[in-house]
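A quick write-up on the structure given underneath.
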2 protein chains.
Amino acid sequence: MLKKIPGGVCAAKGFRAAGIHVGVKTHNTQKKDLALIVSDVMCTAAAVFTTNVVQAAPIHVTKAHLADGHAKAIVVNSGNANACAPQGEENAERMCAAAAAAIGCEAGDVVVASTGVIGQTIKVDVIEAGMPALSELLEASEAASDAAAHAIMTTDTVKKEIALETEVGGRTVRIGGIAKGSGMIHPNMGTMLCFITTDCAISPAMIREALLETAAVSFNRISVDGDTSTNDTCCVLANGLAGNAEITEKNDDYYAFLEALQTLGVDLAKKMAKDGEGAKHLITCTVRGAKSEKSAEVISKSVISSTLTKAAIFGCDANWGRVLCAMGYSGETFDPEKVDVSFASAAGEVAVCEQGRGLPFDEDLAKKVLSEDEVEINIQMAEGDGACTCWGCDITYDYIKINGDYRT
Amino acid sequence: MLKKIPGGVCAAKGFRAAGIHVGVKTHNTQKKDLALIVSDVMCTAAAVFTTNVVQAAPIHVTKAHLADGHAKAIVVNSGNANACAPQGEENAERMCAAAAAAIGCEAGDVVVASTGVIGQTIKVDVIEAGMPALSELLEASEAASDAAAHAIMTTDTVKKEIALETEVGGRTVRIGGIAKGSGMIHPNMGTMLCFITTDCAISPAMIREALLETAAVSFNRISVDGDTSTNDTCCVLANGLAGNAEITEKNDDYYAFLEALQTLGVDLAKKMAKDGEGAKHLITCTVRGAKSEKSAEVISKSVISSTLTKAAIFGCDANWGRVLCAMGYSGETFDPEKVDVSFASAAGEVAVCEQGRGLPFDEDLAKKVLSEDEVEINIQMAEGDGACTCWGCDITYDYIKINGDYRT
């Protein structure tokens with residue numbers, strides 16, 4: 001019943017979006033840097049944030065604005081993170097006030113997010129000056145979601161967008177999302193921004209619960225470089241216009257909605273991992289037979305976060321010893337003599353390690369398997385029935401290039 | 001009183017060493033791959049090992065051989081880690097037996113270590129065949145320590161060696177060490193091997209305690225790539241030939257010896273960090289004003305381990321936001337609004353962040369400061385009086401190159 005549809009954050013009833021260049025990004029005036037997402041009616045809303053002790057000003061402001069569980073709009077800029085910067089909260093509040101004035105709502109009902117360089121004062125004046133033009137562009141269309149998706153990008157090379165349709169309580173419910181995230185990505189919300197809109201009717205408590213259950217199996221299971229950003233924010237707005245009976249408990253309707261939200265979350269998370277800065281490979285690591293799901297997750301994350309494993313995949317080198325090594329320093333205990341490892345992709349599968357020992361394998365086939373864009377590392381243990389999949393990417397010359405000179 | 005002297009592991013009385021090529025490294029017959037260090041008399045001995053759950057066979061064998069707190073020789077090969085490989089322990093035992101036969105001692109008094117690729121059967125036959133020739137070369141000379149230091153290298157570009165002289169209980173005591181370690185290096189003993197010899201008379205319990213106190217402030221405070229190897233070993237042999245009264249408790253003699261051992265450990269640790277695979281910069285991060293020394297260590301390690309900070313230093317980019325960010329996800333709690341950061345080197349010092357906010361600074365000076373081989377990140381917090389220094393290196397194109405195709 002769950003199916004992909006076009007429209008991104010404008011797919012659900014009653015949502016409009018827009019994105020333009022106002023001048024936060026000074027290097028390239030072609031690149032959009034301000035996005036707005038607006039619901040026609042008040043929404044229940046929830047958000048999850050970075051676990052970093054250093055949190056950007058917009059996060060403090062958004063937390064305050066979402067304290068009542070409601071919001072009507074989201075304003076986001078790229079090019080400046082408004083983190084560790086002078087007048088951070090004041091400027092984040094000014095962004096909300098400008099958006100509120102342009103669309104006609106309370107500043108307290110606006111969610112704000114920023115992404116970009118840390119430590120520099122954000123040019124709030126150009127944001128304020130551009131807001132009326134931005135709000136003029138608001139529309140419920142594929143093109144509008146596309147513009148918003150582009151306006152939140154930094155080093156991303158492709159926009160991340162998806163929309164899904166499902167049925168909740170006999171009504172058609174739509175859910176759409178846009179995301180950005182390319183570097184500084186690590187489990188527990190590395191620099192990623194994700195904005196989700198849905199017309200599902202759902203209570204503040206339940207939308208919050210569904211978002212937590214989604215982040216746990218999607219955004220928190222990807223890693224690009226192990227750095228957890230100061231700005232990560234994932235926010236969902238639900239305006240109820242689908243007309244379903246409001247979800248207020250964990251009933252069948254909740255799980256139907258959750259399935260859609262988790263599918264959307266995993267899709268956007270994989271897109272972020274695949275577009276990791278400089279990445280050439282999406283790495284999917286599945287661990288089975290672990291003590292528990294949590295243990296499988298810790299081990300899988302350790303593998304996808306291992307710089308040496310990432311470098312091996314970049315070199316299409318079936319260096320499974322690094323996989324075992326990364327499992328070994330994950331912090332989980334297990335019997336290394338009961339571990340099987342194989343690499344797989346569209347080009348085939350090659351078993352490289354059985355019971356903790358190397359297998360003779362076809363090096364040419366292994367090279368071919370690892371030369372595909374999307375590769376899998378499959379690990380079978382013998383500790384229990386815990387399983388988990390995490391996603392990462394390889395580390396490349398381009399990652400170094402991008403990050404050796406990001407600021408200047 | 002503590003002074004540097006030549007001679008490496010042959011500086012202390014009664015130690016001889018040698019290193020040759022026997023054929024474990026098949027790609028290059030010029031590169032030495034087998035080292036031997038021998039004491040004329042039985043030594044008290046201690047070792048610390050990787051915390052990785054997956055431990056190489058030589059570690060299991062060395063643990064058994066050191067159970068009695070004594071050893072007389074160390075045999076080490078490079079080119080193959082003998083980890084996750086068939087007949088691992090059997091082959092490690094055969095290396096000890098071959099060394100013992102060549103020098104005339106019990107196999108149980110030989111320490112064994114291996115470094116190199118994981119998962120392939122070690123060519124123990126070429127090691128056995130080469131052992132008589134190796135033992136013929138044993139000598140107490142600078143050249144002999146140099147040969148041993150080269151024979152344990154893998155991707156290292158320079159040998160790591162040091163010797164010190166101090167006074168313990170009125171006697172001249174010498175202590176020397178060689179080490180290897182370039183990639184897969186992370187706090188808690190990443191692929192590093194370190195062998196230390198001393199003529200100090202010290203009990204097994206006290207040599208073990210001194211080694212633990214040394215590892216904690218040296219080898220466990222460096223990081224190259226966050227990967228903790230399966231093979232790390234740091235072993236010290238003390239043969240007592242200096243003639244000092246045996247150290248059996250934490251008295252003045254113990255602390256005089258500990259000072260020398262820690263100075264040696266920090267020197268070799270810094271050499272390993274500086275020679276990190278592909279590295280162009282040694283990064284020294286000092287945190288002051290933390291809640292405790294432990295808290296300062298966790299924060300400092302988080303900074304030197306941050307891939308984004310490492311990439312910024314590679315680019316000579318004073319991107320202090322990444323430093324704050326890495327502090328923030330360290331797991332320690334602190335007030336980010338009370339953090340000062342500066343970068344320093346032989347070219348000068350530049351303050352970039354005060355009380356959690358960016359300072360205007362001279363970008364040209366910052367570039368110049370960060371262009372030096374050795375750079376410092378100095379962090380002042382306001383949580384207490386805990387301080388700690390950790391060492392790391394930048395991440396470069398060469399790191400990716402080296403590790404994208406290490407195995408094949």
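Points worth noting:
Per-residue answers, yes or no, for (1) at pLDDT below 95; (2) assigned to a loop (DSSP other than H, G, I, E, B):
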{"site": "A:6", "(1), (2)": "no, yes"}
{"site": "A:16", "(1), (2)": "no, no"}
{"site": "A:22", "(1), (2)": "no, yes"}
{"site": "A:29", "(1), (2)": "yes, yes"}
{"site": "A:32", "(1), (2)": "no, yes"}
{"site": "A:48", "(1), (2)": "yes, no"}
{"site": "A:61", "(1), (2)": "no, no"}
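- Within the range B:362-407, the set of residues being out of contact with any helix residue (DSSP H, G or I) (no Cβ under 7 Å at 6 or more places or on another chain) and among the polar types (S, T, N, Q) comprises B:371, B:378, B:380.
- Criterion: in contact with a Cys (Cβ under 6 Å, 6 or more places away or on another chain) and away from chain B (no Cβ under 14 Å) - qualifying residue of A:46, A:17: A:17
- In the range B:395-406, the residue that is surrounded by the fewest Cβ atoms within 10 Å (Cβ to Cβ) out of those that are in contact with a Ser or Thr (Cβ under 9 Å, 6 or more places away or on another chain) and within 30 Å of residue B:290 (Cβ to Cβ) is B:399.
- Residue within the range A:370-379 that is of a type outside the set (Ser, Thr, Tyr) and on the phi > 0 side of the Ramachandran plot present: no
- Top-ranked residue in the range A:227-257 [being farther than 30 Å from residue A:307 by Cβ and assigned to a strand (DSSP E or B); ranked as nearest to the other protein chains (Cβ to nearest Cβ)]: A:235
- Filtering B:342, B:371, B:330 for residues that are within 19 Å of residue B:300 (Cα to Cα) and out of contact with any Lys or Arg (no Cβ under 8 Å at 6 or more places or on another chain) leaves a single hit, B:342.
- Only a single criterion out of (1) facing another protein chain (nearest Cβ under 8 Å); (2) assigned to a strand (DSSP E or B) is not satisfied by residue B:378, namely (1).
- Breaking point among (1) more than 30 Å from residue B:299 (Cα to Cα); (2) within 12 Å of chain B (Cβ to nearest Cβ), for residue A:82: (1)
- The set of residues from the range B:287-309 being more than 13 Å from every other protein chain (Cβ to nearest Cβ) and either closer than 26 Å to residue A:399 by Cα or assigned to a helix (DSSP H, G or I) (or both) comprises B:293, B:294, B:296, B:297, B:300.
- Consider the range A:218-234 and keep the residues that are among the β-branched types (Val, Ile, Thr) and modelled with pLDDT under 80. The one that is nearest to residue A:269 (Cα to Cα) is A:224.
- Condition met for residue B:169 (touching an Asp or Glu at 6+ places or on another chain (Cβ under 6 Å) and at positive phi): yes
- Residue match in the range B:73-80 (condition: in a loop (DSSP other than H, G, I, E, B) and either more than 22 Å from the chain's Cα centre (by Cα) or of a type in the set (A, V, I, L, M, F, W, C) (or both)): no
- Any hit, the range B:263-275, residues being farther than 26 Å from residue A:307 by Cβ and surrounded by fewer than 19 Cβ atoms within 10 Å (Cβ to Cβ): yes
- From the options A:215, A:238, A:210, residue that is over 27 Å from residue A:154 (Cα atoms) and in contact (Cβ under 8 Å) with a residue 40 or more places away in the chain: A:210
- Residues satisfying the stated conditions in the range A:263-301, i.e. more than 19 Å from the chain's Cα centre (by Cα) and of a type in the set (Gly, Ala, Ser): A:289, A:290, A:292, A:295, A:296
- Number of the exception - residue A:72 against (1) more than 21 Å from residue A:128 (Cβ to Cβ); (2) surrounded by 21 or more Cβ atoms within 10 Å (Cβ to Cβ); (3) among the basic types (Lys, Arg): (1)
- Within the range B:306-328, residues that are over 21 Å from residue B:364 (Cα atoms) have Cβ atoms under 6 Å from residues that are surrounded by fewer than 24 Cβ atoms within 10 Å (Cβ to Cβ) in these pairs: B:328/A:53, counting only partners at least 6 apart in sequence or on another chain.
- Whichever residue in the range A:381-399 is in contact with a Phe, Trp or Tyr (Cβ under 7 Å, 6 or more places away or on another chain) and not hydrophobic (A, V, I, L, M, F, W, C) and, among such residues, is farthest from the other protein chains (Cβ to nearest Cβ): A:383
One line per residue, one yes/no per condition, for (1) crowded, with 24+ Cβ neighbours inside 10 Å; (2) assigned to a helix (DSSP H, G or I):
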| site | (1), (2) |
| --- | --- |
| A:102 | no, yes |
| A:108 | no, yes |
| A:113 | yes, no |
| A:134 | yes, yes |
| A:148 | yes, yes |
| A:167 | no, no |
| A:175 | yes, no |
| A:197 | yes, no |
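- When residues of the range A:334-346 are limited to those that are free of Cβ contacts under 8 Å to residues at least 40 places away in the same chain and outside any loop (DSSP other than H, G, I, E, B), the one farthest from residue B:86 (Cα to Cα): A:345
- Hey, residue B:241 touching a Ser or Thr at 6+ places or on another chain (Cβ under 6 Å) and either farther than 22 Å from residue B:359 by Cα or of a type outside the set (Gly, Ala, Ser) (or both) or not: no
- Filter pass, residue A:74 being in contact with a Phe, Trp or Tyr (Cβ under 6 Å, 6 or more places away or on another chain) and either under 18 Å from residue A:20 (Cβ atoms) or away from every other protein chain (no Cβ under 14 Å) (or both): yes
- Residue that is in contact with a Gly (Cβ under 7 Å, 6 or more places away or on another chain) and modelled with pLDDT of 85 or more, where the choices are B:161, B:167: B:161
- The test for being within 13 Å of another protein chain (Cβ to nearest Cβ), surrounded by fewer than 24 Cβ atoms within 10 Å (Cβ to Cβ), small (Gly, Ala, Ser) and in a loop (DSSP other than H, G, I, E, B) holds for residue B:331.
- Matching residues, the range A:357-375, being more than 30 Å from the chain's Cα centre (by Cα) and part of a strand (DSSP E or B): A:357, A:358
- Unique match (being closer than 18 Å to residue B:340 by Cβ, out of contact with any Gly (no Cβ under 7 Å at 6 or more places or on another chain) and hydrophobic (A, V, I, L, M, F, W, C)) among B:266, B:303: B:303
- Meets criteria (under 26 Å from the mean Cα position of the chain (by Cα), surrounded by 21 or more Cβ atoms within 10 Å (Cβ to Cβ), touching a residue at least 12 places away in the same chain (Cβ under 8 Å) and more than 14 Å from chain B (Cβ to nearest Cβ)) for residue A:260: yes
The values are calculated or read from the model by the stated rules, or taken from the named source; none is laboratory data. Bear in mind the structure is a predicted one, so any value in this text is a computation, not a measurement. With ideal geometry, Cβ positions are generated from the backbone for all residues, glycine too; neighbour counts draw on all protein chains shown.
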